[in-house]
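Accompanying notes for the structure given below.
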Amino acid sequence: MLYRELGSTREKVSILGFGCMRLPTLGSYDKIDLKKANSLLDHALQEGVNYLDTAYPYHGISNSGGGESEVFLGAYLAENNRHDEVYLATKLPTWLLKEPEDLEKFLDEQLKRLRTDQIDFYLLHSLKEKQWFHLEDLGVFEFLDSAIADGRIKYTGFSTHDETAFFKEVVDSYPWDLCQLQYNYLDENIQVGKEGLEYAAEKNLGVVIMEPLKGGVLANQVPPEVEKIWDEVNVKRNPAEWALRFLWNLPEVNLVLSGMNTMEQLVENLKTAEEGLPDSLSALENEVMEKVKMAYHAKIRVECSACGYCMPCPSGINIPQCLSYLNQAAMLNDISNIQGQYYFMLKDTEHASNCLECGLCEEICTQKIPIREMLKEVKKTFGD
Ligand SMILES: NC(=O)c1ccc[n+]([C@@H]2O[C@H](COP(=O)([O-])OP(=O)(O)OC[C@H]3O[C@@H](n4cnc5c(N)ncnc54)[C@H](OP(=O)(O)O)[C@@H]3O)[C@@H](O)[C@H]2O)c1
């Protein structure tokens, strides 16, 4: 296993981390297949994986309660006496915080669930611009300071699926140790994006990547146009290997989390990690990656540059974001993941269904996009 230093913490983390959001189950998401999950962790740790990522709701029946992932990990680490072998990362469910007391309540509950008195990396989960001020008002920074001071957490961080500008604002608001962001070769210009990734690295913030295979879509639902490019390359790798190698090639990336739910996936990703050095792809391999990106991008529906001239929309619609979700859905063969984000990330008022067809956006659009028609398509695509 290769290791990289995690930002300014200088902790040496395995470049492949184990994401515990997609553990093997017995049919229903809240029923972890303990036997298989135990074997996966045994093997991952034996092969040098030393970073485990979980969160309060993972493997729960809804996002409003505690799931089974933390409970499983707590039992696994305590019963096998392995807490000292790994870095444990979990996340505070920010969307469930109502009162200042909730901050302490969740942390204490999570420590119990994880059967530990210290969490190595404690992240604010899924920060969104629309609720950020609420968290500041609850006193989240003072809470983090005090939990570090009394040793309940060692390092702080946050995860987000929001946009670059908001990401930078959060980065600059507190002396975080790490950030967790969605990144893969199709996400260079969405969410935090390449600009955010580079910003984090410049600030010497630990960078942990989530959804490196876009939740599996880049590995398992490859469109024929892309399949053809992979087939023509002399270097034989499957799509998951290419996607992971793309990330480890980036010096800004410290650690890539993957959600592996079979031994085959784990063994394969461990093998890929053996060659995951920064700047290790050849010029030819980088060219192939560019071709693949272009083949995906050729499938996009609308040439929006997200310049934002169309904003603010009098009805409150987040036009660039709606069009970005439409493009992402068009690139992939499966829209379910993107549909989830469309509803999770945007406020109700920002959805395409609020369009009154006033047309002000089209008068000012720098790309001459028929925005009203496109918003209808967004509405139809996501069943809005
Ligand atoms: N903070 C947040 O908001 C947030 C959000 C998302 C994720 N995360 C964390 O980040 C972790 C990683 O994200 P992710 O689970 O979405 O990672 P991912 O690696 O993009 O997707 C995992 C899925 O990819 C497929 N896969 C993995 N390895 C494969 C291989 N070698 N060959 C073929 N398919 C393969 C599997 O899909 P199938 O099951 O379909 O086979 C697996 O379930 C999560 O587990 C979680 O801990 C955090």
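The values are calculated or read from the model by the stated rules, or taken from the named source; none is laboratory data. This structure is a prediction, so every number in the text was calculated from the model and none was measured. Glycine also receives a Cβ, built like all others from the backbone with ideal geometry; neighbour counts cover every protein chain displayed. Calculation scope for accessible area: heavy atoms of the full protein, side chains included, ligands and nucleic acids excluded. Shrake-Rupley method; radii C 1.70, N 1.55, O 1.52, S 1.80 Å.
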| request: Please find, among 217, 222, 226, the residue that is more than 9 Å from the ligand (Cβ to nearest atom), assigned to a helix (DSSP H, G or I) and buried (at least 17 other Cβ atoms within 10 Å of the Cβ). | output: 226
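Residue by residue, here is whether (1) in contact with a helix residue (DSSP H, G or I) (Cβ under 7 Å, 6 or more places away or on another chain); (2) on the phi < 0 side of the Ramachandran plot; (3) open to solvent by 20 Å² or more (accessible area, probe 1.4 Å) holds:
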position: 295; (1), (2), (3): yes, yes, no
position: 301; (1), (2), (3): yes, yes, yes
position: 311; (1), (2), (3): yes, yes, yes
position: 334; (1), (2), (3): yes, yes, yes
position: 337; (1), (2), (3): yes, yes, yes
position: 344; (1), (2), (3): no, yes, yes
| field | Candidate set from the stretch 232-245 (those that are open to solvent by 40 Å² or more (accessible area, probe 1.4 Å) and part of a helix (DSSP H, G or I)); member that is farthest from the ligand (Cβ to nearest atom) | value | 232
| request: Name the one entry in 337, 327, 333 that is in a loop (DSSP other than H, G, I, E, B), modelled with pLDDT under 95 and not assigned by TED's automatic domain parsing to the domain that holds residue 184. | output: 333
| query | Which of the following residues is modelled with pLDDT of 95 or more and open to solvent by less than 50 Å² (accessible area, probe 1.4 Å): 356, 375? | reply | 375
| message | Condition (residue is more than 16 Å from the ligand (Cβ to nearest atom), surrounded by 17 or more Cβ atoms within 10 Å (Cβ to Cβ) and not hydrophobic (A, V, I, L, M, F, W, C)) applied to the stretch 246-260: is it met by at least one residue? | response | yes
| query | Looking at (1) more than 16 Å from the ligand (Cβ to nearest atom); (2) open to solvent by 50 Å² or more (accessible area, probe 1.4 Å); (3) over 23 Å from the mean Cα position of the chain (by Cα), which is the one condition that is false for residue 27? | reply | (1)
| query | Of all residues in the stretch 146-192, how many are away from the ligand (no atom under 14 Å from the Cβ), assigned to a helix (DSSP H, G or I) and in contact with a Leu (Cβ under 9 Å, 6 or more places away or on another chain)? | reply | 3
| query | Name the residues in the stretch 197-214 that are more than 14 Å from the ligand (Cβ to nearest atom) and either part of a loop (DSSP other than H, G, I, E, B) or of a type in the set (D, E, K, R) (or both), would you? | reply | 198, 202, 203, 204, 205
| task | Would you please list the contacts, defined by Cβ atoms under 6 Å and residues six or more apart or on different chains, that run from a residue in the stretch 357-381 that is in a helix (DSSP H, G or I) to a residue that is open to solvent by 60 Å² or more (accessible area, probe 1.4 Å)? | result | 364/309; 372/357
| remark: Within the stretch 58-81, the residues that are open to solvent by 10 Å² or more (accessible area, probe 1.4 Å) and either within 12 Å of the ligand (Cβ to nearest atom) or of a type in the set (A, V, I, L, M) (or both) are 58, 61, 63, 71, 75, 78
| request: Find all pairs meeting these conditions: Cβ atoms under 8 angstrom apart; at least six residues apart or on different chains; first residue within the stretch 14-27 and under 11 Å from residue 41 (Cα atoms) and free of Cβ contacts under 8 Å to residues at least 40 places away in the same chain; second residue more than 8 Å from the ligand (Cβ to nearest atom) and part of a strand (DSSP E or B). | output: none
